[in-house]
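Working notes, beginning with the structure itself.
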Amino acid sequence: MLHYEENITSFLPQIKIFESLPKDIIREIEQFITRSNTHRISKNSIIQTPGNERKGLFFVIAGKLRLYKTNSDGKQHTVCILSEDGMFGEVETFSLGATGVYVETMEESIVFSIPTEQFEPLLRKYPELSLRFLSEISKRLRDQEEFVEELVFRDLRGKVLYFLHRLSKKFGIEENGYLKIDIPLTHQELANMIGATREAVSIILQELSNEGIIMTSRRMVMVHIGKAMKELA
């Protein structure tokens, strides 16, 4: 975890969307990063709700955030999980998929924001920056379409395995043919992410564990790379 006292601007070039940008653009963006718009947020904090969307762009310096929606029954459906160098929010020109969603911290996180009125002029001034954001929006739309399609057409076992495999690819650490998901997960948290009951998810996890497709321990899941890909193919 980044120490709050450290210089946040030193991490700006490490954020993927700003990577390798000309120094003059980076210097302008750095001017907008101050203590007043940099926040350390405790775990399980709701920082946005539907109808109360944050204006501006928000960048994750440390920690993990979950974006999710709820249906009429109150079941949660995860839209995406953001880790270091992730971002969400909207300006007049575009939205990064944060409309109508809850944003919650999965662990203690540090986030900085750039207000719309400061960022819009940069987009008009630097076409290269605009193109990068358009590319990011396109990528997210493709990812979300794939995610929704997979969850709609798979049974519960397929949904659980697909979601775990997706998490393992993004946050996994390889160990002896398995990908260890670097996010502490309870059965209830996983159930919330795919809109299922804890009891049903627990049964599926036990089945997958018995078959050697996953390994579980307290708040930890490891996914066997070859077996998971074979079943999901």
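Observations on the model:
- Residue match in segment 114-134 (condition: surrounded by 14 or more Cβ atoms within 10 Å (Cβ to Cβ), assigned to a strand (DSSP E or B), touching a Leu at 6+ places or on another chain (Cβ under 7 Å) and at negative phi): yes
- So Phe163, is it crowded, with 17+ Cβ neighbours inside 10 Å, at pLDDT 85 or above, within 18 Å of the chain's Cα centre (by Cα) and in a strand (DSSP E or B): no
- Filter result for Lys180 (in a strand (DSSP E or B), farther than 15 Å from Met106 by Cβ and open to solvent by 60 Å² or more (accessible area, probe 1.4 Å)): yes
- Residues being surrounded by fewer than 16 Cβ atoms within 10 Å (Cβ to Cβ) and closer than 21 Å to Lys169 by Cβ - total across segment 34-74: 0
- Of all residues in segment 169-217, those being within 18 Å of the chain's Cα centre (by Cα) and among the polar types (S, T, N, Q) number 2.
- Some residue of segment 134-156 being farther than 30 Å from Lys23 by Cβ, of a type outside the set (Lys, Arg) and modelled with pLDDT of 90 or more: yes
- Residue in segment 137-157 that is of a type outside the set (Lys, Arg), crowded, with 20+ Cβ neighbours inside 10 Å, in contact (Cβ under 8 Å) with a residue 24 or more places away in the chain and part of a helix (DSSP H, G or I) present: no
- Within segment 75-110, considering residues that are open to solvent by 40 Å² or more (accessible area, probe 1.4 Å) and in a loop (DSSP other than H, G, I, E, B), the one nearest to Gly51 (Cα to Cα): Thr99
- Residues in segment 21-39 that are touching a residue at least 40 places away in the same chain (Cβ under 8 Å) and among the aliphatic types (A, V, I, L, M): Leu21, Ile25, Ile29, Ile33.
- Matching residues in segment 195-229 - criterion: being among the acidic types (Asp, Glu) and either part of a helix (DSSP H, G or I) or surrounded by 14 or more Cβ atoms within 10 Å (Cβ to Cβ) (or both): Glu199, Glu207
- Residue count for segment 64-74 satisfying the condition of being in contact with an Asp or Glu (Cβ under 9 Å, 6 or more places away or on another chain) and assigned to a strand (DSSP E or B): 4.
The values are calculated or read from the model by the stated rules, or taken from the named source; none is laboratory data. Everything quoted here is computed from the prediction, not taken from an experiment. FYI the Cβ positions are ideal-geometry reconstructions off the backbone, even for glycines, and counts take in every protein chain you see. Please note that ligands, DNA and RNA were not included when accessible areas were found on the heavy atoms of the full protein model with its side chains. Shrake-Rupley method; radii C 1.70, N 1.55, O 1.52, S 1.80 Å.
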